[in-house]
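One structure is given here, and the rest of the page talks about it.
Read-outs throughout are calculated quantities, based only on the coordinates presented, and are distinct from any laboratory measurement. All figures in this text were calculated on a predicted structure; none of them were measured in a lab. Don't worry about glycine lacking a Cβ; one is built from the backbone with ideal geometry, like all the others, and counts go over all protein chains shown.
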Amino acid sequence: MRPRCTARALAGLLLAAVAGCGGGADRAAPTPAPASAPASAGSEHPRPSATPSPTRTAAGPVSIPALIRREHHGSGLRLGTVLARTSAYTRYAVTYEANGLTISGIMNIPEGEGPFPALVLAHGYIDPDTYVSGQGMPREQDRLAREGYVVLHTDYRNHAGSDKDPGNDVGLRLGYTEDVIGAVLALRSSGRAEIDADRIGLLGRSMGGGVVYNTLVVAPGLVDAAVVFAPVSARPYENVERFQRREGDPLAEEIEARHGTPEDNPAFWREVSPLTYVDRVTEPLLIHHGTADDTCPLAWSRRTAAAFEAAGKDVELRTYPGEGHTFGPRWADAMDATTAFLGRHLR
């Protein structure tokens, strides 16, 4: 078992890699949005009480060091409507609190006697205007619950029934990783008999892979292991160039107006790249990437894996000849490797 953060008080969070390769797998099998339920009071990291606002209006400094210094809060995990029942698990709408915002999502709870290890899933980019709760990684949600994991798939802020954060996009979507850290803390503090609070992992896809990278950098000791599929670049400006500028999205100009370019503000872009802080990572990482991925190039994962290796970290990059961004014929093989990896570190 990996060592935990002291008193489970994590500092900081990270930067979610700016844009995202959503891909077909992330857009499949939407589920109904959950009915919103207020989260219960009381974080495992108490702080002076304040009435949380459903909309965040002011953002802090946009940097990994600033997020490392921040004390993060996650609590109030609430199970709502039963969305589906199978022979292997029950699917619920859920809400939880993350740094003062209510975040929606879905949770699959296996049948049988717990407690079960848990996984937080971070989905790839899907337009928040069309996203519905639980959309993204439907195959993984099902497979992992059948393997005996509690699966919490976060919607992120600005999605489905979650609270709004209007500055999140120009702030490089840092809030998404706050939401993931909050999800882990909410699982850990829930007190639910089905959840083993000492065995929690992360799984991210595409943009969610960037969220996972940064969570590992900002909050070492938060989880026991992490897996990413077809992740974005760990250099956020490359994501801006590929997913905003190439598509003519005005967000690229807004980001540059606020933060500059790597040429005129190199310090900023260094401080938002997890590669700059990879020496902080303590958890094992498994990366899956197809050689035919024309959304998130394999070169990005090769570079990230090389940085982890150079820092002496436990990382494995598995490549899949001919597989594209969403994985097809080799998806089952990748999931077999995933469950074996998680079994070694969470079982």
(message) How large is the translational diffusion coefficient of the range 213-254 in µm² per second when you combine the Kirkwood radius over alpha carbon pairs with Stokes-Einstein at 4 °C and 1.567 mPa s?
(response) 106
(request) For the range 138-249, build the convex hull from the C-alpha positions and give me its volume per residue in Å³. (result) 125
(request) Collect residues whose amide H, placed 1.01 Å from N in the peptide plane, falls under 5 Å from the amide H of GLY204; neighbours closer than 5 in sequence don't count. (result) ALA122, VAL227, VAL228, PHE229
(request) Taking every pair of Cα atoms in the range 63-102, average 1/r, invert it to obtain the Kirkwood radius, and report Rg/Rh to two decimals. (result) 1.24
(message) How would the range 58-132 be classified by its alpha-carbon gyration tensor: rounded, prolate or oblate, with rounded meaning a/c under 1.5 and the a/b versus b/c comparison settling the rest?
(response) prolate
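Return the Rg/Rh value of the range 213-305, two decimal places, where both radii are evaluated on C-alpha atoms and Rh is the Kirkwood radius.
Ratio of gyration radius to Kirkwood radius: 1.00.
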(request) Can you check what the net charge comes to around PRO65, using other residues whose Cβ is under 12 Å from the Cβ of PRO65 (Lys, Arg +1; Asp, Glu -1)? (result) +3
(request) For the range 309-314, just list the computed ³J(HN,Hα) in residue order, Karplus coefficients 6.51, -1.76 and 1.60, θ = phi - 60°, integers in Hz, with x standing in for Gly and Pro. (result) 4, 4, 8, x, 8, 8
(request) Quick one, can you get me the convex hull of the C-alpha atoms of the range 302-341 expressed as volume per residue in Å³? (result) 72
(request) Would you mind checking which residues have amide H under 5 Å from TYR320's amide H? H placed 1.01 Å from N; only 5 or more apart, or other chain. (result) HIS289, GLY290, THR291
(message) Can you give me the long-range amide H partners of PHE116? Hydrogens built in the peptide plane at 1.01 Å from N, cutoff under 5 Å, separation of 5 or more residues or another chain.
(response) ILE195, ASP196
(request) Measure off 7 Å from each Cα along the Cα-to-Cβ vector at ALA311 and VAL132, then give the distance between these two points in nanometres to one decimal. (result) 3.9
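First select every other residue whose beta carbon is under 14 angstrom from the beta carbon of LEU317; then total the charges, Lys and Arg +1, Asp and Glu -1.
Around LEU317, the surrounding residues sum to -1.
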(message) Suppose we take every Cα in the range 258-306 and form the convex hull; what volume per residue is that in Å³?
(response) 115
